[in-house]
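The values are calculated or read from the model by the stated rules, or taken from the named source; none is laboratory data. It should be emphasised that the depicted structure is a prediction, and the values quoted were computed from it without experimental measurement. In this analysis, Cβ positions are derived from the backbone assuming ideal geometry, glycine residues included, and neighbour counts consider all displayed protein chains. Surface areas here come from the heavy atoms of the whole protein model, side chains and all, with no ligands, DNA or RNA. Shrake-Rupley method; radii C 1.70, N 1.55, O 1.52, S 1.80 Å.
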Amino acid sequence: MRRSGAMGEIWDRITTVQPVPARGVVELMGVLAIGLVAWPPAWRITRQVITIAHEGAHAFVALLCGRSLHGVRLHRDTSGLTVTRGLARGRGLVATLAAGYVGPALLGLLGAFVLGRGYSVALLWLLLLVLALLLLQIRNWWGLGVMLIAGAVLFGVTWWLPGEAQTAFAYLLMWFLLLASPWAVVDLQRSRRRGRGYESDADQLGRLTFLPGGGWVTVFFVVTVGCLVLGALLMLGRIS
């Protein structure tokens, strides 16, 4: 059956395979992503993207582990909070806490794999759907504003930009997730050194497991750097 109207157009966009851009375009998107992470004025704004992915990873894994989700908050200082209910100890809570810092990197790695198959537009629409689902769990006004802005940007890209521009944006976003994830772990360790890490994911995990908080920071860093290396190789066409 032939689909018609807006839904048919969206479906056609999602299912159409986009050509992989020239390597120079992929590299340029990587350089732009480095700037978004390394330039402090930009990082203070773009870090909210990592916070959204971080809290989304907490929420997703919590639901997978059978915990109940009671809302997500995004704060002006780019921190966030995901409230879940369930056992006060155990694998489910450990997995939920561990997901936050590695979640954005794993998402970037998955996205890099999808981009290599030519489904850049489908990836953007999937991310837009995830944003919409996460929006339903936001419980503060600042977080609501951040989510609406992020959703508006993503919708604008997927609806109005041509396919080549959408593909370039998708590469920029995946580069950003991969590059920003280790940097967020570095920020975490800086915060812990200043004595402000007691309620961090790493220190909560340290109190729940045999591995101390510093050990969890190391795990987060190794995983995020590993995702960065693999994701970069995928997007640059070194592996498939």
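Worth pointing out:
- Between Phe155 and Ala95, the C-beta separation translates, for a Förster distance of 30 Å, into a calculated FRET efficiency of about 0.45.
- When the convex hull of its Cα atoms is viewed from all sides, region 186-240 shows a mean projected area of 4.5 nm².
- Rounded if a/c under 1.5, otherwise prolate or oblate - the chain, Cα gyration tensor axes: prolate
- Largest-first ellipsoid semi-axes for region 96-179, taking √(5λ) over the Cα gyration tensor eigenvalues, angstrom: 22, 18, 10
- The label point for Leu233 and the one for Trp39, both projected 7 Å from the Cα toward the Cβ, are 3.1 nm apart.
- Size of electric dipole in the chain: Cβ of Lys, Arg +1 and of Asp, Glu -1, about Cα centre, debye, nearest 20: 540 debye
- In the full protein context, the chain carries 53 Å² of accessible surface per residue, based on a 1.4 Å probe and ignoring ligands, DNA and RNA.
- Region 91-106 - phi-based ³J(HN,Hα) in whole Hz, Karplus 6.51/-1.76/1.60, Gly and Pro as x: 5, x, 5, 4, 5, 4, 5, 6, 6, x, 6, 8, x, x, 5, 5
- Overall size of region 62-130 from C-alpha positions, given as principal axis extents largest first: 43, 30, 19 Å.
- Model label sites at Leu28 and Leu110, defined 7 Å from Cα along the beta-carbon direction, differ in position by 3.0 nm.
- Pairwise FRET efficiency - Leu126 versus Asp187, Cβ, R0 = 25 Å, nearest 0.05: 0.35
- Distance (nanometres) between label positions extended 7 Å along Cα→Cβ at Thr16 and Leu81: 4.5 nm
- Counted residue by residue at 0.36 nm each, then reduced by the alpha carbon distance between them, the extension gain from Leu64 to Leu135 reaches 23.7 nm.
- Restricting the calculation to Cα atoms, every distinct pair contributes to the Kirkwood radius of region 26-152, found to be 15.5 Å.
- For the chain, built as a Gaussian network whose Cα springs stay under 10 Å, the top-fluctuating residue of Trp159, Trp39, Trp125: Trp39
- Extension gain, Val222 to Ala88, is 45.5 nm, computed as 0.36 nm per intervening residue step minus the present C-alpha separation.
- Options Val26, Ser79, Pro40, ranked by Cα towards positive dipole end of region 1-91, top entry (Cβ charges): Ser79
- Cut-off under 5 Å, modelled amide H: who pairs with Thr84 long-range: His70
- Applying the Kirkwood pairwise sum to the alpha-carbon positions of region 133-240 produces a hydrodynamic radius of 16.6 angstrom.
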